[in-house]
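The values are calculated or read from the model by the stated rules, or taken from the named source; none is laboratory data. Here the structure is a predicted model, which is why all the values come from computation and not from measurement. Cβ atoms come from the backbone with ideal geometry, glycine included; neighbour counts cover every protein chain shown.
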Amino acid sequence: MKNTESTLQIEAKPLKTAAIILALLGAVLSGIVLSDKANYSVFSFSYLLAFIFVWTAVIGCLFFVALHHVTGAVWSVAYRRIAESFASNVGIIFILFLPVAYFTYAYKDFHLYSWMDHHHMEEHPVLAGKLPYLNFNFFAIRAFAFFAIWFLFSRFFVKSSVQQDASIGNSDLQAKNVRTTKKMRDLSGPFIILFAYTTSFAGIDWIMSLDPLWFSTMYGVYIFSGVVLTALSVISLTLFSLEKKGLFPKEYLKKDHLYSLGALLFAFSCFWAYIAFSQFMLIWYANIPEETEWFYHRMHGSWLTVTIALALIRFVIPFFMMLSRHAKMNIKMIAAVSVVQLVGQWIDLYWLIMPHVNKEYQPSLGIAEVGPTLLLTGLLLFFVHRFMSKNSLIAGGDPVLDRCKSFHL
């Protein structure tokens with residue numbers, strides 16, 4: 001009989017059904033919005049928000065996989081395959097990026113990136129100096145390079161991990177798995193360095209450049225904090241869902257395992273707050289008009305409400321929910337905080353992106369803002385389910401799996 005951990009796969013179809021419903025609903029709502037050309041601009045920003053939202057989940061899980069390997073962690077062996085199920089979709093995310101590239105190119109209709117208006121850029125002495133970097137050709141080349149790096153490493157990590165499952169019961173292949181694990185560990189270090197650069201520049205290109213005059217030297221780290229929080233949240237929620245349906249072995253859900261996951265989620269909640277406040281404090285204290293205007297717009301009128309909600313949902317609420325040691329060991333509490341953090345990530349991206357629609361745009365939650373998120377989230381969940389239905393939910397061939405089972409802090 002085969003090891004049940006190597007053949008453990010999703011048997012129920014609720015995730016697939018929910019994914020299809022979300023995608024169809026999102027497609028219908030998006031179609032309604034696009035039927036009126038007057039909505040093109042709002043839709044392009046909403047689509048960018050939705051794309052960044054799913055991108056952070058995928059690329060964050062890829063980082064989790066690399067972090068697991070580079071640290072040689074034991075507790076996360078059983079959770080690595082969940083992260084791989086998201087990280088395997090870099091190619092899908094690239095396809096979802098193509099509309100962003102089109103909206104950028106068709107600036108006259110969608111008005112996404114103002115730096116596409118070269119006449120306006122050339123008239124401003126500061127913006128004119130940024131034209132060699134902020135132009136469509138270089139923008140597209142950089143994006144392709146980012147995705148190429150992420151795709152190659154994603155394919156290597158996920159393919160190597162899945163191939164290890166074939167070693168169960170075969171001593172010759174088990175010896176090979178030790179070498180494979182070492183190779184993954186050796187390459188994870190260089191990847192994390194590349195990840196830091198590519199993720200930072202992607203955040204600068206895709207979000208910060210919405211206002212080509214504004215800049216922050218902490219922006220890349222701010223984006224990184226959101227990327228990791230999103231990844232930890234989707235991993236935790238997926239784990240909770242599988243556990244609830246009896247599809248995940250109880251021996252990998254001991255308090256010591258959960259504490260490691262919960263503590264990491266708590267730590268990055270604090271890290272996000274630290275980076276967010278530091279960025280705000282330094283810019284506000286310097287009081288340079290070109291820098292403070294970005295925050296000024298978000299601290300007045302209806303946007304102030306969004307700013308306060310962001311601070312509460314992204315940090316204050318998760319902080320007190322996860323402060324105790326017991327909470328970090330409770331899978332239901334971890335899942336609840338993960339839901340709060342995913343909502344917070346969406347609000348965070350809304351806060352970063354949507355004020356750039358135009359100066360008159362006020363916070364709203366209509367079909368134009370929600371449709372693209374439902375569509376892209378549904379598509380991502382569909383492909384995650386597809387991966388899980390074809391592969392074991394546990395990295396059964398990992399040589400450290402037995403140590404993971406008996407892991408203690």
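Of all residues in the range 340-362, count the ones that are outside any helix (DSSP H, G or I) and surrounded by fewer than 18 Cβ atoms within 10 Å (Cβ to Cβ).
5
Please list, ordered by residue number, the helices (runs of 4 or more DSSP H) wholly in the range 13-106 having 1 or more residues that are within 30 Å of A196 (Cβ to Cβ) and of a type outside the set (S, T, Y).
40-71, 77-87, 90-105
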- Message: List pairs: first residue in the range 159-170 and at pLDDT 90 or above, second residue assigned to a helix (DSSP H, G or I) and among the acidic types (D, E) anywhere in the structure, Cβ distance under 6 angstrom, at least six positions apart or on different chains.
- Response: S161/E84
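Can you find even one residue in the range 134-146 that is over 26 Å from Y222 (Cβ atoms) and either charged (D, E, K, R) or surrounded by 14 or more Cβ atoms within 10 Å (Cβ to Cβ) (or both)? Reasoning before the result, please.
Pass one, the range 134-146, residues over 26 Å from Y222 (Cβ atoms): 137.
Within this subset, residues satisfying the condition of being either charged (D, E, K, R) or surrounded by 14 or more Cβ atoms within 10 Å (Cβ to Cβ) (or both) are none.
No; the residues of the range 134-146 include none that is over 26 Å from Y222 (Cβ atoms) and either charged (D, E, K, R) or surrounded by 14 or more Cβ atoms within 10 Å (Cβ to Cβ) (or both).
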- Query: Is at least one residue of the range 327-337 out of contact with any Lys or Arg (no Cβ under 6 Å at 6 or more places or on another chain), in contact (Cβ under 8 Å) with a residue 24 or more places away in the chain, in a helix (DSSP H, G or I) and among the polar types (S, T, N, Q)?
  - Reply: no
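Against the condition more than 23 Å from the chain's Cα centre (by Cα) and of a type in the set (S, T, Y), how does Y274 come out, does it pass?
The answer is no for Y274.
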- Message: Between a residue in the range 202-230 that is free of Cβ contacts under 8 Å to residues at least 12 places away in the same chain and any residue that is surrounded by fewer than 21 Cβ atoms within 10 Å (Cβ to Cβ) and part of a helix (DSSP H, G or I), which pairs come within a Cβ distance under 6 Å, given they are 6 or more apart or on different chains?
- Response: M208/Y219
- Single residue of the range 363-379 satisfying the filter (part of a helix (DSSP H, G or I) and among the hydroxyl-bearing types (S, T, Y)) that is surrounded by the most Cβ atoms within 10 Å (Cβ to Cβ): T373
- Residue check for W214: among the aromatic types (F, W, Y), outside any helix (DSSP H, G or I) and within 25 Å of L48 (Cβ to Cβ): yes
- Is it the case that the range 105-113 has a residue that's of a type in the set (A, V, I, L, M, F, W, C) and either under 21 Å from the mean Cα position of the chain (by Cα) or surrounded by 21 or more Cβ atoms within 10 Å (Cβ to Cβ) (or both)? yes
- Task: List the number of the failed condition for W75; all other conditions in (1) at pLDDT 95 or above; (2) buried (at least 18 other Cβ atoms within 10 Å of the Cβ); (3) of a type in the set (A, V, I, L, M, F, W, C) hold.
- Result: (1)
- Task: Would you mind telling me which numbered condition in (1) surrounded by fewer than 18 Cβ atoms within 10 Å (Cβ to Cβ); (2) within 20 Å of F63 (Cα to Cα); (3) over 15 Å from the mean Cα position of the chain (by Cα) Y219 fails?
- Result: (1)
- Query: Has the range 251-272 got any residue that is without any contact (Cβ under 8 Å) to a residue 12 or more places away in the chain and farther than 23 Å from V221 by Cα?
  - Reply: no
